[in-house]
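See below for the structure under consideration.
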Amino acid sequence: MGVMGSQAVVEMLCAHDVRYVFGLSGDTSTGLYEALFEARHRLAHIMTRDERSAAFMADAYARLSYRPGICEGPSGGGATYIAPGVAEAHYSSIPLICLTTDIPLRDQGRNVLTEMDQPGLFATITKWHAQAKNAARIPDLLRRAFRLATAGRPGAVHLSLPSDVLAEEMEGAVLYGDPACTTYPSYRTRADPRAVEAAAAALLAAQRPVLIAGGGAMIAAAWDEITALAERLALPVGTSINGKGSIAEGHPLSIGVVGENGGRTYANDLAREADLVFFVGCKTDSVTTMHWTIPPLAGGATIIHLDADPAEIGNTYPTAIGLAGDAKLTLQNLLAALGDVQRDAAPRAAELAKRSRGWWAEFAEQAQADALPIKPQRIISELAAALPADYVIAADPGTMTPFTAAYFRCAAGRHIVIPRAFGGLGYALPAVVGAQYARPNATVVGLLGDGSLGMAAGEMETIRRLNLPVILIHFNNRCFGWIKTLQHFYHQDKYYSVDFGEEDCVALAQSFGLRARRIERPGELGDALRQAIFRQEPTFLDVPTAPEYQDVPPVAKWQEAAKRGPGN
């Protein structure tokens, strides 16, 4: 008897050392689930309550495990629901493999329930997409999926699996995986040695250089090399939000996040004043560069750009030296090209400390405040004090992003996970599931707002069912705070369709089986966090916070608007 298509799918996943598949069943998926059942001792299926959550879980798992994340869903609604998470992973350059089952090939074009053009749906939100036309093609297609997801600039891929193809038998199946593609980045490349030599010379000649690391530096796990380069050249290092962890933010040469959202003012000033900016794995997007003003497009700063994707080099800035290659390997070559150069970093570190002192003093004042509603600065400060050395924070867009980006001093490595491609709400709650499976010994914390809770609350049942010891901190300001702030600053306080009614979020969490409590006073927060970490059980902390227009976060344009006053 031959191997069925569904068995081939599962065997190929096992051949690539896949440990977890995140997904949700449907009519077209039963054959696949039978194969997953038979392989359950080798490969765990994590049932979610929503297909979008499955993709978010796989995304977070991939970011933290350095393995491609696997998600699956059924045809029709399952494919459309899973698409947002696939898009987020792809445009954040995260290797994700999305498998969707489909109606039988023989019924296509006959208006069968849930029929749709799945490859067409995923065409613009993946690196590659395909449909298995017969079972014999499944092994080749999955090897290609793993290779394309993990190599070069990583991204999401999609494979459609018609139910009759899954039920089809194949003879002489050759089921083997590609060991290089079980982790990422696979098939790393190094930049042209001549370009590396030119970059070394330019860095040595610069008087006020700054390095800005992005998500590509984290994908390449290049934090040791970035730190070594900073120390060799007395080089200040800033990051994008996705680049947090490219250097320990307690390092004297770290200047933290730069840019419009969560950027530190002194870091932005340093990037603006630089005579050379070295972008490492950074897309030089509008947020990180404050619409290409840090550094100024016409400011005369020399630009060096290192990226695994040559298409990003010179995309937004006139680039003097382009380095097309893996960040980790290319920086190793750059360090070698510098020879025995070792600059005294103490004067530069002292300057950075002086420039940052007032900014941190202002934060400390806010972080110690006993105000009600509780200030987000206080939450970030108490969280930083309570967390052990091994931690993961998954934060939603909105209130949590700028406060976490600016004020939480991240250790070197991947500790902070924030969806920055599209900023979709509802990410953090499912992301903590993927994070806990990726880093089972870490303390995993999710930071979410009211809007996100409403979109993903069902995954609290998943967390309780799996008994994951995650901590959810709910920033409760009873509104879509980001949009309400836009209405405050730019639309004369015409608040419309942004406010929520009365919600008992503690009772909601308790109904799903989580240990939950409301934090009534700022002084309760630290003890509540320490108890949650000690207990090692699913915990939900409801924290009343002021909306962003009342406690303006470190978002540059909002802080300027606050100085001018609403409507000006």
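Any idea how far the Cα center of the range 397-455 sits from the one of the range 491-522, in Å?
Taking the Cα centre of the range 491-522 as reference, the centre of the range 397-455 is 18 Å away.
Rounded to the nearest 0.05, what FRET efficiency do Ala346 and Thr293 give with R0 = 35 Å and r taken as the Cβ-Cβ distance? Could you check?
It comes to 0.70.
List the chymotrypsin sites (Phe, Trp or Tyr not before Pro) within the range 491-568 that DSSP assigns to loop and that have no more than 11 neighbouring Cβ atoms inside 10 Å.
Of the chymotrypsin sites (Phe, Trp or Tyr not before Pro), the ones in loops of the range 491-568 whose Cβ has at most 11 other Cβ atoms within 10 Å are Tyr496.
On average, how much accessible surface per residue is there in the chain, in Å², for a 1.4 Å probe, leaving out ligands, DNA and RNA?
37 Å²
Tell me which GluC sites (Glu not before Pro) from the range 506-566 have a DSSP coil assignment and no more than 14 other beta carbons within 10 Å of their own.
Answer in residue order: Glu520.
Can you send over the carbon and sulfur percentage of the accessible area for the range 41-158, probe radius 1.4 Å, protein chains only?
On the range 41-158, the fraction of accessible area on carbon and sulfur atoms equals 51 percent.
Need one value: the accessible area of Thr114 in square angstrom, 1.4 angstrom probe, rounded to the nearest 10.
50 Å²
If contacts are Cα pairs under 8 angstrom and at least 6 residues apart, what is the relative contact order of the chain in percent?
Computed over the chain, the figure is 13 percent.
Let's test the formula: R0 of 45 Å, r as the Cβ-Cβ distance of Leu486 and Asn111. What FRET efficiency results, to the nearest 0.05?
With a Förster radius of 45 Å, E is 0.55.
Counting only residues 5 or more places away or on other chains, whose amide H sits under 5 Å from the amide H of Leu472 once H atoms are built in the peptide plane?
Here Gly446, Thr539, Phe540, Leu541 satisfy the definition.
Ignoring ligands and nucleic acids, what accessible area does Ser254 show with a 1.4 Å probe (Å², nearest 10)?
Roll a 1.4 Å probe over it and Ser254 shows about 10 Å².
In nm, to one decimal, how far is the modelled label at Thr183 from the one at Asp140, with both set 7 Å along Cα→Cβ?
3.1 nm
Highest mean first, how do 51-61, 315-325, 451-461 rank when packing is the count of other Cβ atoms within 10 Å averaged over residues?
51-61, 451-461, 315-325
Got a number for carbon plus sulfur as a percent of the range 498-568's accessible area, 1.4 Å probe?
46 percent
Pairs of Cα atoms under 8 Å, at least six residues apart: use those to get the relative contact order of the range 447-568, whole percent.
Relative contact order here is 35 percent.
Please identify the chymotrypsin sites (Phe, Trp or Tyr not before Pro) of the range 128-177 that satisfy two criteria: DSSP loop assignment and at most 15 other Cβ atoms within 10 Å. Which are they?
Tyr176
Let me have the relative contact order for the range 119-233, percent, based on Cα pairs under 8 Å that are six or more residues apart.
23 percent
Going highest first, how would you order 190-197, 347-354, 137-144 by mean Cβ packing within 10 Å?
137-144, 190-197, 347-354
At a 1.4 Å probe radius, carbon and sulfur cover how many percent of the accessible area of the range 231-302?
Summing carbon and sulfur atoms, their accessible area is 55 percent of the total for the range 231-302.
From the mean inverse distance of alpha carbon pairs (Kirkwood) and the Cα radius of gyration, derive Rg over Rh for the chain.
For the chain, the value is 0.98.
Give the cross-link partners of Lys244 among the lysines, using a straight C-alpha distance below 21 Å as the criterion and excluding same-chain residues fewer than 8 apart.
Once the sequence-local lysines are set aside, what remains near Lys244 is Lys283, Lys328.
Points 7 angstrom from Cα along the Cβ direction at Thr124 and Ala384: gap in nanometres?
It works out to 4.1 nm between the two label points.
The values are calculated or read from the model by the stated rules, or taken from the named source; none is laboratory data. Predicted, not measured: the structure shown is a model, and the values here were computed from it. As a convention, Cβ positions derive from the backbone with ideal geometry for all residues, glycine included, and neighbour counts pool all protein chains shown. What goes into the accessible areas is simple: the full protein's heavy atoms, side chains included, and nothing from ligands, DNA or RNA. Shrake-Rupley method; radii C 1.70, N 1.55, O 1.52, S 1.80 Å.
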